[in-house]
Every structure is written in structure tokens, then in C-alpha cells.
Ligand code: PLP
């Protein structure tokens, strides 16, 4: 496996990042996961734009889009695989112990992992912990993901692949690595970004392409929804067939199935929708 670090390709086994890198010591970093099928990225421009918004939110220097594009191309060429995920990690870089940033510039790593095709439907749980809709990091894709790691482990313990959070005022928010949509009376709804969810790229495309409405939704909407689906870079549009103890037989239902079809067609027709 060859990855990109310090401006060039390196063997992953011998690539070195400082043990004082703030991505490691204080979680001061941001990232993107970009889908790459047959060596071609999907929606890279939107991912780079969100990376810049995350960098600005943390006060990191703007990432160099030209270098990241070059890195993605080089890493994909060096590691051919049918379906992969590029992981772009950009941290505060080497710094003092503690939270003050040092004088060093950021660290950029671009790596690639192979992924399996996701099933059409999945099981999901809700967790009792809340997302903060008004935090300093809300809406930014930072490497401070430990809360998601804990919630996802809980999901796996219960035979589910995703865990959903409410926000601090009891509204439906998002999953550990996905956005959530519900179907009510034939209409598709998803929580607005003000709920504290990550502005997911798949979410934005699904809203645009299906006409889904952005609506404040109480968490218990999940008990009444006719259909539920998730969106993310690695799931695309994926139906939910079980939520906690509630079975949703026949998932994907007709509205979700149509959203899946629309997404596949539109994404297939344009690998970099702006
Ligand atoms: N919400 C969270 C917390 C995420 O980490 C992700 C993706 O990793 C998403 C939502 C979905 O975003 P996207 O569609 O850009 O992958």
C-alpha cells in the first residue's frame, strides 16, 4: 500500500508522522472520505470544498486543493482496486504537548482502503447520547470521532451497522457516519444542518435530486416513519429494515427504492456534481 505524505508517495509501512502531531495528541485535525470506483473519485470538488470549510472552522491554513488532487490521483494509480475509499487527513501538525499550536505547518496524509459494496438495507439503533448542535466543532468534519467510535461499537453489539443521535433539544440529528431521512405520507424529510448534523455531501445531493424537505423532526418520528433511509459516501442511499426493535418489512420501500434509483442514475451520469 502506498500513501501520500510530505508531498509524495511513500510505502505506508515506512511512512512516519511525528508522535507530537496534534492530530494524534489532541485530535486537532479534519478529514474527508471520498469514494473511488475503478480508480475514479466521486464528488471530489464538493469534498475539497468541505475540507476547506472544516479547516477554516478549526483555524487551520487552507488545504492546497491542487496537491490533494495530485495525491488522490497518485494514490489511486499506485493501489488499483475495484471499490475504495480515499481518506484525506489534514492535521494541525507537529506541536507542543498541550493544546497550543506550534509553528510547524499542517500534516497531510492521503491513504486508500478497499471497501465492500453495501447491502441495500441495514439495521440501525438509537443511542441515548446527544449531538451538540451549537458546539465549536458542529458541522465540521474533524478527526475528533471518539464519540462516533463508541456509538458505532454499541450498534455492532446489537447487530446493527449504524447508531443515530438526537441533538440536545431532542430532535433527530444524524448517524455516526451518515445522515438520516424519513418518509412521512409519501414525502421525504431530513433534519436541517441547524440540527447539528454534518452537512453530508450525499445528503445534499439526495435533497437536490429527490426534492426531500429539510425539517426539524423529533426523535420519535422514527417510530412513525413509513420508511427510513441513510445517506453517506460509502452507503450512497441505503434503506433501514430495523430500527432498535422495530422491523420495517419490505425495506427498501417504494419511496426509498426510487431515491436509490435516482441517486444511482444521477451519480453515474456525473462523477463530480457541483
Ligand atoms: N455524518 C457524519 C457524522 C459523518 O461522518 C458522515 C460521513 O462520514 C456523514 C454524516 C455523511 O456525509 P457524506 O455524505 O459526506 O459522506
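The values are calculated or read from the model by the stated rules, or taken from the named source; none is laboratory data. Everything numeric here is computed off the predicted structure, so don't read it as measured data. Cβ atoms come from the backbone with ideal geometry, glycine included; neighbour counts cover every protein chain shown.
Brief remarks follow.
- When 43, 37 are checked against the criterion of being within 16 Å of the ligand (Cβ to nearest atom) and either buried (at least 18 other Cβ atoms within 10 Å of the Cβ) or at pLDDT below 95 (or both), 43 stands alone in meeting it.
- Some residue of the stretch 132-145 being surrounded by 18 or more Cβ atoms within 10 Å (Cβ to Cβ), without any contact (Cβ under 8 Å) to a residue 40 or more places away in the chain, assigned by the TED database to the domain that holds residue 244 and outside any strand (DSSP E or B): no
- Count of the stretch 6-44 residues, restricted to those that are touching a helix residue (DSSP H, G or I) at 6+ places or on another chain (Cβ under 9 Å) and over 30 Å from residue 231 (Cα atoms), is 6.
- Residue within the stretch 91-102 that is touching a residue at least 24 places away in the same chain (Cβ under 8 Å) and either under 18 Å from the mean Cα position of the chain (by Cα) or under 30 Å from residue 251 (Cβ atoms) (or both) present: yes
- Looking at the stretch 154-242, the strands (runs of 3 or more DSSP E) lying wholly inside it that each contain 1 or more residues that are more than 20 Å from the chain's Cα centre (by Cα) and closer than 26 Å to residue 32 by Cβ sit at 187-190.
- The number of residues in the stretch 137-178 being within 11 Å of the ligand (Cβ to nearest atom) and closer than 20 Å to residue 223 by Cβ comes to 9.
- Of residues in the stretch 179-201 being without any contact (Cβ under 8 Å) to a residue 60 or more places away in the chain and within 12 Å of residue 232 (Cβ to Cβ), the one farthest from the ligand (Cβ to nearest atom): 180
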